[in-house]
Amino acid sequence: MAVFVLIHGGGSTAWDWHLVSPRLEASGHGVVAVDLPIEDVDAGLEDYTRAVKEAVGEAQHTIVVGHSLGGFTAPLACEELQSDGLVYLSAMIPMPGETFGDWWTNTGHHRETIPDEPYFNLVPDNLAQEATNRERDQQGAWMSGPWPGNHPDVPTLGILCRDDLFFPRSFMRRQIRERLGIEPVEIPGGHYATLSNPDAVAAALNDFARQIARG
């Protein structure tokens, strides 16, 4: 079985995965949901990656999953851990040398029509409120610098959420195809599908783990 390493998005916490984790564990997988040091303005992506490695410890057969801004950390952690697989879940997919600021225009996201509150559509009100209460102040001088990574040569999955208002369906499909050269897997749910449809998220991750196990 795999050990899923779950990386949250910008301004967020490992709590985002609290509904997905038990569903993965029920299928026999291990789970490590990581809190990144995002409130430290001096913490760079190398510090994020170190936090992931320390949380994982000696676990083997890992599959790293990055949500939203976590897409900048996930491939770096994947390489550091020598993981078996990598997943982008409604995630930013950076290119080598690309800055956080440049990503928005390079991907064409600036041409999308985004509503004022694009994050928690379809999330039950109590969970949306809890997520909002847990929000942290995303810092990081690293955002103005070039992304230091590459896309690891491991099985990779790009998941788009059909009801995502922040990274719309057509946008994510294009980003996954152009930047990863693969076809996306589509699941129901908004940007925070981990809270609105954890069954679909867990099912997609379980399927991916089975594919990797089959080789």
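The values are calculated or read from the model by the stated rules, or taken from the named source; none is laboratory data. Just so it is clear, the structure is predicted and the values come from calculations on it, not from any experiment. Note that we place each Cβ from the backbone using ideal geometry, even for glycine, and neighbour counts take in every protein chain shown.
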Next item on the list: Name the residue, out of Ala77, Ala59, that is in contact (Cβ under 8 Å) with a residue 40 or more places away in the chain and in a helix (DSSP H, G or I).
Entry: Ala77
Next item on the list: For the range 176-203, name all the residues that are closer than 17 Å to Val154 by Cα and among the small types (Gly, Ala, Ser).
Entry: Gly181
Checklist line | Scope the range 24-50; condition part of a helix (DSSP H, G or I), surrounded by fewer than 19 Cβ atoms within 10 Å (Cβ to Cβ) and either modelled with pLDDT under 95 or hydrophobic (A, V, I, L, M, F, W, C) (or both); matching residues | finding: Ala26
Check: Out of Gly158, Gly190, which single residue is within 15 Å of the chain's Cα centre (by Cα) and assigned to a loop (DSSP other than H, G, I, E, B)?
Finding: Gly190
Notebook entry, point to check: Cβ-Cβ below 6 Å, separation at least six or inter-chain, first residue in the range 9-37 and within 15 Å of Glu130 (Cβ to Cβ), second surrounded by fewer than 17 Cβ atoms within 10 Å (Cβ to Cβ): which pairs?
Noted result: Gly11/Glu135; Gly11/Arg136; Gly11/Gln138; Thr13/Asp35; Thr13/Arg134; Ala14/Asp35; Trp15/Arg134
Next item on the list: Kindly provide the set of residues from the range 106-159 that are in contact with a helix residue (DSSP H, G or I) (Cβ under 7 Å, 6 or more places away or on another chain) and among the charged types (D, E, K, R), ordered by number.
Entry: Glu112, Arg134
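Please verify whether Thr156 is polar (S, T, N, Q) and free of Cβ contacts under 8 Å to residues at least 12 places away in the same chain, treating the condition exactly as stated. Don't jump to the end; show me each part of the working.
On the way: polar (S, T, N, Q): yes; free of Cβ contacts under 8 Å to residues at least 12 places away in the same chain: no.
Here the answer is no, as Thr156 does not meet what is asked.
Condition check ((1) assigned to a loop (DSSP other than H, G, I, E, B); (2) charged (D, E, K, R); (3) modelled with pLDDT under 95; (4) surrounded by fewer than 22 Cβ atoms within 10 Å (Cβ to Cβ)) across all residues:
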position: Ala131; (1), (2), (3), (4): no, no, no, yes
position: Asp137; (1), (2), (3), (4): yes, yes, no, yes
position: Pro152; (1), (2), (3), (4): yes, no, no, yes
position: Thr194; (1), (2), (3), (4): no, no, no, no
Notebook entry, point to check: Would you pick out the residues in the range 159-215 that are among the hydroxyl-bearing types (Ser, Thr, Tyr) and under 16 Å from Gly66 (Cα atoms)?
Noted result: Tyr192, Thr194
Margin query: So if I check each of Asp163, Asp125, Asp84, which one is in contact with a His (Cβ under 6 Å, 6 or more places away or on another chain) and within 23 Å of Ala200 (Cβ to Cβ)?
Written below: Asp84
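Right, Asp102: in contact with a Leu (Cβ under 9 Å, 6 or more places away or on another chain), at pLDDT 95 or above, farther than 30 Å from Gly57 by Cβ and of a type in the set (Asp, Glu) or not?
Details: in contact with a Leu (Cβ under 9 Å, 6 or more places away or on another chain): no; at pLDDT 95 or above: yes; farther than 30 Å from Gly57 by Cβ: yes; of a type in the set (Asp, Glu): yes.
No.
For Pro94, indicate whether it is touching a Lys or Arg at 6+ places or on another chain (Cβ under 9 Å) and not charged (D, E, K, R).
On the way: touching a Lys or Arg at 6+ places or on another chain (Cβ under 9 Å): yes; not charged (D, E, K, R): yes.
Yes.
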Next item on the list: Considering only the range 83-129, state which residues are of a type in the set (A, V, I, L, M), buried (at least 16 other Cβ atoms within 10 Å of the Cβ) and part of a loop (DSSP other than H, G, I, E, B).
Entry: Ala91, Met92, Ile93, Met95, Leu122, Val123
